[in-house]
Structure formats: structure tokens, C-alpha cells
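Trainee: Take a look at the following structure, please.
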Amino acid sequence: MQLRQASSSSLLLCVLVLIVTKMTDACSCMPAHYQTLFCRADAVIEGTIKSTSFIYGDNAVSNNDVYGSSMDYSYADLLPPLVLPRYPLFVVYNVTIKEVFKGEEELVGMTTVSVSSAANGAMCGVADLQDGEAYILSGFVWDGELNVGLCSSWVQPVNSLSVFQKRGLKRLYAKSCDDCRICSAKYDNDCLPTEGCMGSYASPCVRRNSACIRNNKGRCSWKNSKYLRLC
């Protein structure tokens, strides 16, 4: 009996360690240029966070879920019930829209919008936006809600935008969305000058001070801010 109880306690500890490890795994993705994030998105807005709420999942897990449904019931009775900490699954921001840079047809007539994301950075969620702060937010629209993520969205405080980014939001990025793309030196070796711009944009400073546009010779080329030399 004592051996069984010790074994069940050890198994429970292993399960909890696996759960905690899963929750703390880091989200990893290649940095994308702001122009790329703009062009991929259904909508891009400037908005102020008015309030924040969380959606929680069920924190009860049955022994069958953890140990398997084929377990001998006499043995299962020895196991303590497993109740996990109640973690939020999603975060929902109530956002007042100040300006729509892309996706007017998706947000027509709306002065506020719900912006949702996974509630944990390990799940590539955007969970650290502050009430009262203004942000640039890009994402995909689903049932009137803007969905954002660390890897797929442009999320940046408005007060940290460069002058060049503001120009991009107003005109440059949208002008080039269907014309020139930004190619990755690692994945787009077949990128032609008539299709896009090749270059390294891992540095946030470079991404804030450059855009890929079509020049008067019909080729896609980098248009850079004068501040790029400071990067």
C-alpha cells in the first residue's frame, strides 16, 4: 500500500512538472518587418486600451485524463484528485479606435473593438498591454474581433513610433503591399528584384527605418530613413 501511494505521489509530481514546463516554454519566431506585418493583416489600427479582461478554462482534470482510462479502479482510488492552478487562456482588451490604417471595411462603423490574444507569452500571446496606453495593433478579424499574436502582429506603443513608421502607416506600406514584398535571405533565395527586396532586418532599428517600394526603374528597392545610419 505504501509503495503504491509513493508511486502515485511521484507520478503526480511528474505531471505537475510537465505542466509547469509547458506553461513556461518560450514563444519563438523569426522577426518580421513592420511592412510585412502591415500587409499580412486584415486590419491595422491605432487604439487606446480602455480595459482588460481574461477568459479562464476549466481547472479540473480527471484522473482518467492524466493516468489513462484503462487504469485499475482499485488503484485509481488511491490517487489524490488533481486540480491544477487556474490559468487564464485568453486576454481580451477593450480598445477605443483612434485611427484605422487598414481594414476599414472590416471595422466599418466601429469606434471600439475587442482585441484578443492568448494570455501567455509561451503561447505567443500579447498579454502585457497597459490600460490607458495607445498602441498600433495589427491582426486578423474574426466575428468583429481583432486577433493578435507575438509572431503574426504589429503591436507597438504609439509613443515609440519612428517618423518613418508613421509615413509607412499613412502611405508607404499600403502602397507596396501588392507591389513589392520583403524577402528573407534565409528562405527566399529565388526573390527577384522585380518582386521584392532582399536584406537583413533582424535589428528593430532597421525595421523602423526602412521600407520596400518600387522605384522608377520598375524594381523593388529599399527606401531608407536618414536615421538608418544610426542603427
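The values are calculated or read from the model by the stated rules, or taken from the named source; none is laboratory data. This one's a predicted model, so the numbers in the text were calculated from it and none came from an experiment. Positions of Cβ are backbone-derived with ideal geometry, glycine not excepted, and every protein chain shown enters the neighbour counts.
Trainee: Quick one: what pairs do we get from the stretch 52-63, first residue of a type in the set (Val, Ile, Thr) and modelled with pLDDT under 75, second surrounded by 12 or more Cβ atoms within 10 Å (Cβ to Cβ) and part of a loop (DSSP other than H, G, I, E, B), C-beta under 8 Å, 6+ apart or different chains?
Mentor: Val61/Leu84
Trainee: Where the second residue is surrounded by fewer than 18 Cβ atoms within 10 Å (Cβ to Cβ) and at pLDDT below 95 and the first is among the aromatic types (Phe, Trp, Tyr) and lies in the stretch 145-161, which pairs have Cβ atoms under 6 Å and are six or more apart or on separate chains?
Mentor: Qualifying pairs under 6 Å: none.
Trainee: Out of all the residues in the stretch 215-231, which are touching a residue at least 12 places away in the same chain (Cβ under 8 Å) and over 29 Å from the mean Cα position of the chain (by Cα)?
Mentor: Gly218, Arg219
Trainee: Report, by residue number, each residue of the stretch 89-109 that is surrounded by fewer than 18 Cβ atoms within 10 Å (Cβ to Cβ), of a type in the set (A, V, I, L, M), closer than 23 Å to Arg171 by Cβ and in contact with a strand residue (DSSP E or B) (Cβ under 7 Å, 6 or more places away or on another chain).
Mentor: Ile97 - this is the single residue of the stretch 89-109 that is surrounded by fewer than 18 Cβ atoms within 10 Å (Cβ to Cβ), of a type in the set (A, V, I, L, M), closer than 23 Å to Arg171 by Cβ and in contact with a strand residue (DSSP E or B) (Cβ under 7 Å, 6 or more places away or on another chain).
Trainee: Still on this structure: List the strands (runs of 3 or more DSSP E) that sit entirely inside the stretch 126-223 and contain at least 1 residues that are under 30 Å from Val113 (Cα atoms).
Mentor: Numbers: elements: 134-142, 145-147, 155-157, 181-184, 196-199, 210-214.
Of the strands (runs of 3 or more DSSP E) lying wholly inside the stretch 126-223, those with at least 1 residues that are under 30 Å from Val113 (Cα atoms) span 134-142, 145-147, 155-157, 181-184, 210-214.
Trainee: Does the stretch 170-177 contain any residue that is among the aromatic types (Phe, Trp, Tyr), modelled with pLDDT of 90 or more and under 25 Å from the mean Cα position of the chain (by Cα)? Even if it seems obvious, please write down each step before you answer.
Mentor: As a first pass, look at the stretch 170-177 and keep what is among the aromatic types (Phe, Trp, Tyr): 173.
Okay, now just the ones that are also modelled with pLDDT of 90 or more, so 173.
Subset that is under 25 Å from the mean Cα position of the chain (by Cα): 173.
Yes, there is a match, as at least one residue in the stretch 170-177 is among the aromatic types (Phe, Trp, Tyr), modelled with pLDDT of 90 or more and under 25 Å from the mean Cα position of the chain (by Cα).
Trainee: Looking only at residues that are hydrophobic (A, V, I, L, M, F, W, C) and at pLDDT below 95 in the stretch 20-40, which one is nearest to Gly103 (Cα to Cα)?
Mentor: Going residue by residue through the stretch 20-40, those that are hydrophobic (A, V, I, L, M, F, W, C) are 20, 23, 26-27, 29-30, 32, 37-39.
Then keep just the ones that are at pLDDT below 95; that gives 20, 23, 26-27, 29-30, 32.
Working: Val20: 39, Met23: 34, Ala26: 31, Cys27: 27, Cys29: 25, Met30: 25, Ala32: 20 Å.
Per the criteria, the residue is Ala32.
Trainee: Considering every residue within the stretch 146-169, establish whether at least one is out of contact with any Cys (no Cβ under 7 Å at 6 or more places or on another chain), of a type in the set (D, E, K, R) and closer than 18 Å to Cys39 by Cβ. Give the steps one after another, and end with the answer.
Mentor: Residues of the stretch 146-169 that are out of contact with any Cys (no Cβ under 7 Å at 6 or more places or on another chain), as a first pass: 146-148, 152-169.
With the extra rule that they be of a type in the set (D, E, K, R), the set shrinks to 166-167.
Next, only the ones that are closer than 18 Å to Cys39 by Cβ stay: 166-167.
Yes, the conditions are met somewhere in the stretch 146-169.
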